[in-house]
Amino acid sequence: MGLEQVTKALRNSLPSSNLYFEGEREYETLNGSYLSAMESDIRPAVIFRPESRKQVAKFVKVMKPFALGEHGEEATVQFAIRSGGQQPLPGVANIQGGITLDLGLLNSVELQKDGKQTTVSVGAGARWGAVYDRLEGTGLGVTGVRSASGGVGGLSLTGGVSFFSSREGFVCDNVLNYEVVLASGEIVNANEHENSDLWISLRGGGNNFGVVTRFDFRTFPQPGRFWGGSVFYFLSSWPYHVGALLSELRKKDAADPNAHVQLSIGYSSQFAQFACQSQLFYTGADANENMPDVIRPWADMHPQIEQLNSVRLMTLKEAVAEQPADAKGSVRYVIVSTNLPKYQKTNSPIRCAYMNVTVKADAPTLFEATEIFTSSLENVKSAPGLMSSLTFQPYSVNTLQQTARHGGNSLGLDPSDGPLINIMVSTYWQNKSDDAAILKYMNNATAYMRREAQRRNKLVPFVSMNHAWAHQDVIECYGEENKRALQETSMKFDPEGLFQRGVPGGFKLFN
């Protein structure tokens with residue numbers, strides 16, 4: 001009964017051409033386009049794709065009484081919010097039997113100049129490739145994700161690391177303004193001067209406060225080309241690459257803010273081998289034909305798979321083209337690259353999951369995590385299509401210091417704790433029948449890493465929301481003070497709890 005009522009209400013208030021129902025070709029295409037097939041397994045009754053913020057506001061007004069059960073429990077219909085659909089956690093951007101609000105048509109990208117500051121205004125459904133295309137040739141950069149096909153919405157609300165994060169901070173720290181549709185249907189701006197508490201809460205608070213329809217990002221001068229690329233190698237060279245990363249992060253005069261290095265090790269059941277990747281970037285204005293010394297410890301290290309070394313001068317557009325969104329933070333690309341000319345995405349459904357732990361930059365802790373990862377894989381190595389990786393993503397002291405410089409966020413990370421390493425385990429596989437075994441392997445491995453880091457007094461509570469699984473209490477990990485501030489923001493801007501009870505996906509504030 002509730003679904004019939006809400007469908008009728010949506011048809012009466014919104015363009016029927018933007019409503020897609022189960023069984024329709026467009027519905028199947030949209031619902032099948034998530035990064036993970038585990039999210040596509042979920043079947044909403046209706047998908048709505050708004051073309052404007054006003055349509056989003058109408059949608060929220062129509063849905064609110066149904067989502068909050070005001071027409072009776074039997075008439076309750078909840079909804080989900082989708083931006084790019086790249087976060088693999090099932091239900092975070094889709095909902096079984098409810099309504100999925102797909103923001104994919106809100107994809108405008110515009111440059112706005114206000115005095116000396118240029119901002120790039122981006123629709124919530126845009127992909128980062130479109131943003132980088134717009135900035136091409138302008139001499140400007142933006143702190144966005146490292147993949148052209150990555151969605152703008154997720155990481156801009158949960159943290160996010162960029163090629164430029166060592167110098168500019170997290171992705172969310174660079175959002176100057178959020179345009180938000182609140183639970184009331186009111187459209188507001190959240191920035192340093194208007195609704196500043198909402199602005200800070202959105203910087204890490206996810207989908208808990210409203211529907212963000214536009215992000216206004218700070219830009220900065222950035223030369224047309226910088227050094228970047230990857231070095232590929234095998235397991236025997238892994239300790240050296242990890243040691244070089246720690247040496248750079250711990251430099252007495254601070255790590256180079258223009259350098260960004262990320263290390264990954266992965267395993268493929270198809271090729272029954274481990275492969276490693278060091279992603280290297282130097283984005284300083286002084287980039288020239290000579291490779292910067294700061295990235296040479298990785299780029300020049302041998303042995304390596306020389307034919308796959310891609311380190312060179314490149315444009316931002318070229319850099320993000322090398323980072324497949326479905327290989328983000330993993331060595332899925334590496335494993336296949338060592339055997340095929342180039343990894344290309346297929347249309348076959350792939351299942352995937354991410355889990356993560358954060359630790360202090362400590363060699364024994366990282367090598368213990370490596371041992372846990374490689375040994376834990378034994379139980380699932382034969383799963384068809386398995387590709388699993390361990391990624392060390394550094395948060396330098398300078399990265400952490402940019403949060404205060406740019407107005408603050410909700411993540412609860414303190415520069416005095418740095419430098420830090422976010423350890424992510426990501427896994428891709430083929431069959432639904434392997435879900436339980438693979439999720440158990442990932443859960444056990446990350447729990448073991450967490451216990452070992454805690455035993456060494458190197459554990460940091462923070463969990464990255466965008467790379468977390470359902471059992472990880474992300475909001476609690478932000479710290480008591482931040483959690484309380486997020487809850488207060490929710491009660492102020494959403495007193496009836498629409499985005500807590502009516503939008504159940506993601507990581508909620510009140511458990």
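Here, each number is a calculation from the coordinates, and none is a lab measurement. Every value quoted in this text rests on a predicted model; they were computed, and no experiment measured them. As a convention, Cβ positions derive from the backbone with ideal geometry for all residues, glycine included, and neighbour counts pool all protein chains shown.
Tabulated data for the structure shown
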item: Electrostatic dipole magnitude of the chain [Cβ: Lys, Arg +1; Asp, Glu -1; Cα centre; debye, to 20]; result: 260
item: Net charge contributed by nearby residues that have their C-beta within less than 13 Å of GLN454 (K/R +1, D/E -1); result: +3
item: Gain in span if fully extended, ASN309 to ALA470, counting 0.36 nm per residue against the direct Cα distance; result: 54.3 nm
item: Bridge type composition, the stretch 79-147 - antiparallel percent by DSSP, nearest 5; result: 60
item: Relative contact order (%) - the stretch 2-104, alpha-carbon pairs under 8 angstrom, separation at least six; result: 34
item: Highest-first arrangement of 158-171, 101-114, where packing means the average Cβ count within 10 Å; result: 158-171, 101-114
item: R0 of 25 Å, Cβ-Cβ distance GLU481-ARG405: FRET efficiency to nearest 0.05; result: 0.80
item: Label-point gap, in nm, between GLN273 and ASN18 - each point 7 angstrom along Cα→Cβ; result: 5.1
item: Taking MET355, MET291 and counting other C-beta atoms within 10 Å, the order from fewest to most; result: MET291, MET355
item: FRET efficiency, 1/(1 + (r/R0)^6) with R0 30 Å, evaluated for GLU74 and ARG11 via beta carbons; result: 0.90
item: Cα centroid of the stretch 231-284 to Cα centroid of the stretch 379-444, whole Å; result: 15
item: Spacing of the two label points (7 Å from each Cα toward its C-beta) at ASP414 and LEU235, in nm; result: 3.9
item: The chain: angle of helix 480-493 to the longest principal axis, Cα-based, in degrees nearest 10; result: 30
item: Residue list for the stretch 200-231, given a label point 7 angstrom along the Cα-to-Cβ vector of LEU111 and an amide N cut-off under 19 Å; result: 215-226
item: Rounded, prolate or oblate (a/c below 1.5 giving rounded, otherwise prolate when a/b exceeds b/c) for the stretch 407-498 by Cα gyration tensor; result: oblate
item: For the stretch 454-503 and the stretch 126-165, distance of Cα centres in Å; result: 24
item: Length released on extending from ARG456 to ASP41, taking residue separation times 0.36 nm less the Cα-Cα span; result: 145.4 nm
item: R0 of 30 Å, Cβ-Cβ distance GLU26-ASN431: FRET efficiency to nearest 0.05; result: 0.65
item: Correct option for Rg/Rh (Cα atoms, Kirkwood Rh) [calculated from the coordinates] among (i) 1.04; (ii) 1.01; (iii) 0.95; result: (iii)
item: SER196 paired with ASN511, simple spin-label distance in nm, labels 7 Å along Cα-to-beta-carbon; result: 3.1
item: Whole-number percent relative contact order across the chain, with pairs defined as alpha carbons under 8 Å at least 6 apart; result: 17
item: Sorted by Cβ neighbour density within 10 Å, fewest at the top, the residues LEU3, LEU316, LEU182; result: LEU3, LEU182, LEU316
item: Sorted by Cβ density within 10 Å, fewest first, the residues ASP300, ASP293, ASP41; result: ASP293, ASP300, ASP41
item: Estimated [θ] at 222 nm from DSSP helical runs (n ≥ 4, -39500 (n - 2.57)) normalised by residues in the chain, nearest 500; result: -8500 deg cm²/dmol
